[in-house]
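A.B. asks: To start, I am sharing the structure in question, which I have written as structure tokens.
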Amino acid sequence: MNILLFFLIVILTSLFFSRYLRPLMSLIIKKLFSFFPEKIQNILIEKNKTAYTLFIFWLICNIGFQFIPKEGKKWEPFLSAPLSFILVVSFLLLVWNAIDILENLIAERLKKQESAVFTDSITKNILPYSKKIIKALVFIILILVFLQNVGFNVTSLLAGLGIGGVALALAAKETLSNFFGGLSVILDKPFSVGDWILCDKIEGTVEDIGFRSTKIKTFYDSVITVPNSMLSDSVIDNLGKRKARRTRVTLDITYDTPPKKIETFVEGLKNIIQSNSYTRKDYYQCYFSAYGPHSLQILLNFFLKVPDWDTELLQKQNIFLEILSLAKELEVDFAFPTQTLDLLNIPGQKENIKKKFSTEELKAKAKDFGPKGNLSKPQGLGLYKPRN
């Protein structure tokens with residue numbers, strides 16, 4: 001038989017069986033791992049289709065090449081390398097998928113633990129980084145096994161790497177620096193995947209922590225890749241770890257505001273903060289703080305306990321709307337840089353007379369903006385709902 005025809009028949013037979021024996025292979029795997037949950041069994045079958053196909057192709061080729069004619073024996077050294085490579089790739093895919101499945105099992109088990117903070121750190125930082133390291137080690141080991149099988153002296157190769165280790169370390173200085181930078185990020189835990197951070201004018205949400213770099217998704221919907229060595233040497237502001245978010249605002253009111261109204265306005269502001277369910281009640285400041293160049297300045301400093309930025313913006317809006325309503329009720333005017341021409345005393349002009357309040361009326365107005373007050377609307381009109 002023509003040797004080329006023989007090789008063609010073996011390869012075509014292997015391709016045929018690798019396609020049509022895969023369901024049988026999947027069934028065998030399902031029987032062998034029947035003690036696993038059905039979800040894991042399905043993952044083992046679906047994710048490893050390529051690996052099973054390559055393994056069956058290697059097996060049939062190996063069996064077929066055992067019957068190679070005498071005139072084809074000289075081709076055996078050239079056949080062993082491709083077959084070894086196919087086996088290595090098949091095994092590599094199987095191991096990598098097994099590592100992914102193991103990571104999912106550990107993550108699911110950890111999520112049932114009581115220590116939520118510790119679990120969150122492991123599942124977001126340590127597990128993905130450990131998975132990458134293990135996959136890299138498996139890849140290196142299998143490459144060395146493949147080289148050994150095709151005739152390379154792996155021992156000499158490793159010895160040569162030992163001799164050239166200093167040169168390699170110098171050449172890969174940046175890579176090693178980034179690797180250990182990533183390791184320090186994992187161990188020190190200045191941030192986790194999903195945290196909102198600010199680092200050297202880079203602001204965004206951490207998407208991935210890799211060997212060499214960390215990916216940060218900005219609020220412009222772009223992704224910035226930052227070397228881990230830079231992160232390990234930089235000051236990182238982890239905004240995602242905040243338990244409360246600060247709001248500081250200066251309210252400018254006109255100089256013609258009577259002292260009683262100023263005091264009432266300040267008390268009304270305090271009641272607005274008290275009536276909002278998202279504000280910290282134990283720590284806020286509200287005072288008539290300064291005489292500005294064109295206004296009397298009221299300092300308002302408070303903290304919001306909210307889960308995300310959307311809710312923060314909504315509650316700030318609600319509080320600011322309450323402040324406008326309070327100012328309108330008290331007839332307190334906000335000031336802005338301007339020049340005023342007083343025409344009130346010109347004959348024929350209508351005099352703008354503001355309502356006069358008694359002390360009790362002023363107290364009642366301020367109280368109306370407190371918890372359960374008649375004019376209190378801490379949630380606004382409820383027109384806008386934050387995204388989930």
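The values are calculated or read from the model by the stated rules, or taken from the named source; none is laboratory data. Remember, it's a predicted structure, so these values are computed and weren't measured experimentally. Methodologically, a virtual Cβ is constructed for each residue, glycine included, from the backbone with ideal geometry; neighbour enumeration extends over all protein chains shown. When the accessible area is computed, the model is the full protein with side chains, heavy atoms only, and any ligands, DNA or RNA have been set aside. Shrake-Rupley method; radii C 1.70, N 1.55, O 1.52, S 1.80 Å.
A.B. asks: So how far apart, in nm, are the two label points at residue 27 and residue 235 if each is 7 Å from Cα heading toward Cβ?
C.D. replies: 6.7 nm
A.B. asks: Let me ask something else. Through the Karplus equation 6.51 cos²θ - 1.76 cosθ + 1.60, θ set to phi - 60°, convert the phi angles of region 281-287 into ³J(HN,Hα) values in whole Hz; use x for Gly and Pro.
C.D. replies: With coefficients 6.51, -1.76 and 1.60, one gets 8, 8, 8, 7, 10, 8, 8 Hz.
A.B. asks: Mind listing the phi-derived Karplus ³J(HN,Hα) values for region 227-234, rounded to whole Hz, using 6.51, -1.76 and 1.60 with θ = phi - 60°, and x for any glycine or proline?
C.D. replies: Result, ordered by residue: x, 5, 5, 5, 5, 5, 9, 9 Hz.
A.B. asks: Quick check on my link table: of 131/201; 281/367; 215/243, which ones sit more than 26 Å apart, alpha carbon to alpha carbon? Don't skip to the answer; put the middle values down first.
C.D. replies: Working: 131/201 31 Å; 281/367 16 Å; 215/243 24 Å.
Long pairs (Cα-Cα over 26 Å): 131/201.
A.B. asks: Tally Lys and Arg at +1 and Asp and Glu at -1 over the other residues with C-beta under 14 Å from the C-beta of residue 294: what net charge comes out? Please list the in-between numbers first.
C.D. replies: On the way: positive: none; negative: 252, 256, 333.
My count for the surroundings of residue 294 gives -3.
A.B. asks: Still on this structure: Skip the ligands, DNA and RNA, and give the accessible area per residue of region 218-274 with a 1.4 Å probe, whole Å². Please list the in-between numbers first.
C.D. replies: Numbers: 3220 Å² over 57 residues.
About 57 Å² of surface per residue is accessible.
A.B. asks: Under 5 Å between amide H atoms, partner at least 5 residues away or on a different chain: which partners does residue 245 have, H built in plane at 1.01 Å?
C.D. replies: 304, 305, 306
A.B. asks: What pairs in 260/305; 217/270; 328/363 have C-alpha atoms more than 27 Å from each other? Mind showing how you got there, number by number?
C.D. replies: Values: 260/305 32 Å; 217/270 38 Å; 328/363 15 Å.
Result: 260/305; 217/270 exceed 27 Å.
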